[in-house]
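Below is one structure; the comments refer to it alone.
The values are calculated or read from the model by the stated rules, or taken from the named source; none is laboratory data. Computed from a prediction, not measured in an experiment: that's the story for all the values here. Glycine gets a Cβ as well: all are built from the backbone with ideal geometry, and neighbour counts include every protein chain shown.
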Amino acid sequence: MKKTTDSKTIISRYLAAILSSELKQKMVFLGGPRQVGKTSLAQSLMTKSSIYMNWDDDQNKEDILSKKITTSADFIIFDEIHKYRNWRQFIKGLFDKNKNNLKIMVTGSARLDHFRKGGDSLVGRYLYYRLHPLSLAELDPSYMSHKLITARLLEFGGFPETYLKQDARILRQWQRDRISRLVKEDIRDLQNIKDLSLMELLVSALPHRIGSDLSIKNLAEDLQVSPNTITSWVEILENLYLFYRISPYGAERLKAVKKKQKIYSWDWTMVSDRGARIENFVASHLLKYCHFHEDYNGHKMELRYIKDVEDREVDFIVLKDGKPEFAVECKTGERQVSKSLLYYRTRLKLPKCYQVHFGEVDYGHEKNDVRVLPFWKFCQIEKMV
């Protein structure tokens with residue numbers, strides 16, 4: 001049965017007011033996954049005197065290459081211009097000549113701080129923000145319960161189109177088209193990869209490894225390519241905001257595992273296993289929290305996991321400026337407190353520990369100060385964005 005919702009359930013995107021203010025000072029570069037809402041957010045800041053230019057539009061591309069850019073506009077948005085080899089030099093020249101009367105925003109579905117194809121440095125001229133999919137904090141609980149919002153967000157994902165339509169058939173179509181375009185267009189435009197079909201196989205394989213130790217060697221054997229090739233391809237997928245990796249937390253008092261990373265998807269609906277999807281869902285909220293405080297508040301934020309050589313493991317720990325802020329263990333049900341979480345709470349003297357679930361119970365562990373609670377309530381307490 002088809003489910004529908006209303007755009008009113010979405011509170012104003014969390015970066016809207018911030019970007020409007022930041023544009024008064026410097027250029028803004030806005031990165032994030034394909035179809036996460038970057039263009040819609042940027043265009044919501046436009047006035048009648050603003051201009052939107054997309055590198056994928058033939059006429060816009062011609063105007064950029066011939067430098068036919070009107071300077072009478074008050075605000076210009078350049079979408080996907082990172083595909084232009086000399087984009088940085090072009091943007092720098094435009095900004096330096098018009099910085100007192102022209103606001104500039106650059107948006108792209110690739111890491112704009114990574115694809116630096118030629119041109120002079122733009123250091124000091126721009127602020128970089130990353131736009132994430134919708135999260136619980138961006139959805140209005142006055143329209144439906146926290147529990148229902150969480151269930152629907154988990155099922156249909158945080159990309160605006162699929163969340164708003166809430167239709168399983170449309171979600172499958174959207175996933176297929178998004179991955180196809182990412183591989184055949186974005187990767188083709190930015191990287192010289194001869195066999196894109198193998199890259200598609202890698203994209204299909206990674207969701208089955210969510211939450212587990214990422215073995216480059218095993219992936220290389222499965223796809224019959226070298227480990228160096230897999231490493232390079234995973235980095236490309238990270239730079240295009242399809243997947244992200246987290247590393248173990250190596251505290252001095254801990255015999256931690258080393259170099260074993262875990263991988264997660266920016267779109268948790270790619271993950272079919274329910275337990276792994278829930279873990280990915282929680283990871284994505286935590287990564288969004290880290291990126292926000294890094295991009296806006298200037299803190300050095302890290303999302304890691306805890307695991308020692310004796311296989312005691314906690315799903316996530318958030319570090320702010322090198323110090324643990326809180327640890328999070330996620331469970332599919334309302335279970336007893338994780339023994340590993342209790343161990344690390346004492347061993348590492350962690351300031352706050354949470355065990356989150358998707359049920360209703362909320363209680364604290366008396367001796368070790370570990371709080372067990374619904375995930376939506378955790379998001380409110382720790383002010384997830």
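Does the range 33-43 contain at least one residue that is over 27 Å from the mean Cα position of the chain (by Cα) and surrounded by fewer than 19 Cβ atoms within 10 Å (Cβ to Cβ)? Steps first, please.
In the first step, residues of the range 33-43 are kept if they are over 27 Å from the mean Cα position of the chain (by Cα); the result is none.
No.
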Positions within the range 285-308 being surrounded by 22 or more Cβ atoms within 10 Å (Cβ to Cβ), closer than 26 Å to Leu127 by Cβ and of a type in the set (Ser, Thr, Tyr), in sequence order: Tyr289
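For residues that are part of a loop (DSSP other than H, G, I, E, B) and modelled with pLDDT of 90 or more, scanning just the range 74-85, find the one that is farthest from Leu131 (Cα to Cα).
Step one: list which residues in the range 74-85 are part of a loop (DSSP other than H, G, I, E, B), which gives 74, 80, 84-85.
Checking the rest, the ones that are also modelled with pLDDT of 90 or more come to 74, 80, 84.
On the way: Asp74: 23, Glu80: 15, Tyr84: 22 Å.
It comes out as Asp74.
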Lone unmet requirement of (1) in a strand (DSSP E or B); (2) more than 20 Å from Arg347 (Cβ to Cβ); (3) not hydrophobic (A, V, I, L, M, F, W, C) for Lys307: (2)
Selection within the range 44-73 - surrounded by 12 or more Cβ atoms within 10 Å (Cβ to Cβ) and outside any loop (DSSP other than H, G, I, E, B): Ser50, Ile51, Tyr52, Met53, Asn54, Asn60, Lys61, Asp63, Ile64, Leu65
Hey, His291 in contact with a Cys (Cβ under 9 Å, 6 or more places away or on another chain) and touching a residue at least 12 places away in the same chain (Cβ under 8 Å) or not: no
Which numbered condition Ile18 fails, given (1) modelled with pLDDT of 95 or more; (2) in a loop (DSSP other than H, G, I, E, B): (2)
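Being surrounded by fewer than 21 Cβ atoms within 10 Å (Cβ to Cβ), without any contact (Cβ under 8 Å) to a residue 40 or more places away in the chain, farther than 26 Å from Ser212 by Cβ and not hydroxyl-bearing (Ser, Thr, Tyr) is the requirement here; does Gly359 meet it? Steps first, answer last, please.
Values: surrounded by fewer than 21 Cβ atoms within 10 Å (Cβ to Cβ): yes; without any contact (Cβ under 8 Å) to a residue 40 or more places away in the chain: yes; farther than 26 Å from Ser212 by Cβ: no; not hydroxyl-bearing (Ser, Thr, Tyr): yes.
Taking the combined requirement at face value, the residue does not satisfy it.
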Among residues of the range 132-161, those that are surrounded by fewer than 17 Cβ atoms within 10 Å (Cβ to Cβ) and of a type in the set (Ser, Thr, Tyr), counted: 3
